[in-house]
Structures are given as C-alpha cells and as structure tokens.
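A.B. asks: Sharing a structure with you now.
The values are calculated or read from the model by the stated rules, or taken from the named source; none is laboratory data. Here the structure is a predicted model, which is why all the values come from computation and not from measurement. Glycine also receives a Cβ, built like all others from the backbone with ideal geometry; neighbour counts cover every protein chain displayed. The protein model used for the area step is the full one, side chains on, heavy atoms only, and it has no ligands, DNA or RNA in it. Shrake-Rupley method; radii C 1.70, N 1.55, O 1.52, S 1.80 Å.
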Amino acid sequence: MSPRHGVKLQDILKAAEDIANERGMGDVTLTTLAQKLHIRPPSLYNHVDGLNGLRQVLALHSLEKLEEALKSAAVGRAGEEALTAMGRAYMQYARERPGLYEAMLYATDRNDTELRHAADRVAELVITVLSSGYGFNEADCIHAARGFRSLLHGFASLEQKGGFGLPVDVDRSIEVMMDTFCAGLRVLQHKRKVEHSDKDLGSS
C-alpha cells in the first residue's frame, strides 16, 4: 500500500460516509477508513482522536448537513407548507445519505458543546416554523418538534432496516403521516385559541 500524502479532514469525512452508506456505521473503523484512504491507521490521529473522535466529527457533520437540508426546504415557506417541506427534506436526506444519517446516533459524547449547538440549531429551525406558523407557546413548540422528529426518525429507521414489506407505496405513507401530524397541529392550534378566548372572557 503506497502512503497517500496530504489527506485532509474532508477526505476522511467523505471516505467514512462512503463506508457508512455502503455497509453501515458499524463498519466504519480506523482500519477500514485507513484502507480506503490508502494510509496507515496512525495517520488518522492527525485529524481525529481515535474512533470515538471520528464518530463525534461524523455526528457533527451529519447534523450540519441535515440543518442545511431543512433550512433550504423551509426558505420562502411558512406554517404547514414549511413543515411539510422540511419533512420531505428530512426523509430525502435519510434516504440519500443513510450512513451519514446513522452517524448522528453514534456520537459518544452527547455533552460536547459543538455537537449540542448543532443539534439545537436543527431543533430551532422546526420550533421557529411552529412558533411563527401556528402561534404556539414555547412548551407546545417543543412538544410538537419532538413529535415531528420522532415520526420522521422512526419512519426513516424502519425503512432503512427494510421494515415496510406490505405492497403499498411508501412515499404515499409519508404523505399521509405528515398530513395526519399537521391535522393534529391544527387541532391543537384551535384548542389553544379557544383556551385563550375563554381566559380573556373570564378576566373581563
């Protein structure tokens, strides 16, 4: 194996993603990565702090790319239209980059400041849409954002593992899921308006 000079962090991230997309994150090791890059494993320590460090960097990279996808989908849209577009973008990201998507779950230090900030930015995108589009308070925004993420992540994870075997269009299932979720948000929105109106009448 001829040593490869000038390997950069971006080269490492790309190679790690390729392995993850093809074989899963479980096969992303320093050995397999070094083999793909045609370098010796110790050379990777110039850029990442071992396997755990690699997983941290990949998780951060994954969150940043997911943020880009969701932000791009929401541009020029608001409310339900923005939320639905973000849902589609989320699923497209998970499908097109399954290994990188999986990398988000392999972070070894959830208290890492940079990783926490990246995760917060993704959540804030959804919360902003919920707050501006539906007029929810902070608590309702967080509840709804958690539901949004849980629905999409659960669907994406099951799809990646071949969990949908019935002969019904999976893309249509995603549309129904998002329509149902948004319908629930409209019900909550109406409920909050009624509560607010009753409160105003009671104080008058």
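A.B. asks: I'd like the residue in the range 10-37 that is in contact (Cβ under 8 Å) with a residue 24 or more places away in the chain and in contact with a Pro (Cβ under 7 Å, 6 or more places away or on another chain) and, out of all such residues, is farthest from Arg110 (Cα to Cα).
C.D. replies: Out of the qualifying residues, it is Asn21.
A.B. asks: Could you tell me which residue of the range 179-204 is modelled with the lowest pLDDT, considering only residues that are among the polar types (S, T, N, Q) and within 28 Å of Met86 (Cα to Cα)?
C.D. replies: Filtering the range 179-204 for residues among the polar types (S, T, N, Q) gives 180, 189, 197, 203-204.
Now narrow it down to the ones that are within 28 Å of Met86 (Cα to Cα): 180, 189.
Working: Thr180: 97, Gln189: 93.
Among those residues, the one meeting the criterion is Gln189.
A.B. asks: Go through the residues of the range 140-160 one by one and say whether even a single one is over 23 Å from Tyr93 (Cβ atoms) and at pLDDT below 95.
C.D. replies: In the first step, residues of the range 140-160 are kept if they are over 23 Å from Tyr93 (Cβ atoms); the result is 140, 143.
Still in the running and at pLDDT below 95: none.
For the range 140-160, residues over 23 Å from Tyr93 (Cβ atoms) and at pLDDT below 95: absent.
A.B. asks: To continue, here is another question. For the range 2-55, give me each residue that is of a type outside the set (A, V, I, L, M) and either on the phi > 0 side of the Ramachandran plot or touching a His at 6+ places or on another chain (Cβ under 6 Å) (or both). Explain how you work it out, then say what you get.
C.D. replies: Kept after step one, since they are of a type outside the set (A, V, I, L, M), are these residues of the range 2-55: 2-6, 8, 10-11, 14, 17-18, 21-24, 26-27, 29, 31-32, 35-36, 38, 40-43, 45-47, 49-50, 52-53, 55.
Within the range 2-55, Arg4, Gly6, Gly24, His38, Gly50 meet the criteria.
A.B. asks: Right, something else. I'm trying to understand the selection: among the residues of the range 173-204, which are open to solvent by 80 Å² or more (accessible area, probe 1.4 Å) and within 19 Å of the chain's Cα centre (by Cα)?
C.D. replies: Once the filter is applied, which keeps residues that are open to solvent by 80 Å² or more (accessible area, probe 1.4 Å) and within 19 Å of the chain's Cα centre (by Cα), the range 173-204 yields only Glu175.
A.B. asks: Could you tell me which residue of the range 20-50 is farthest from Glu102 (Cα to Cα), considering only residues that are buried (at least 20 other Cβ atoms within 10 Å of the Cβ) and within 22 Å of the chain's Cα centre (by Cα)?
C.D. replies: Of everything passing the filter in the range 20-50, Val28 is farthest from Glu102 (Cα to Cα).
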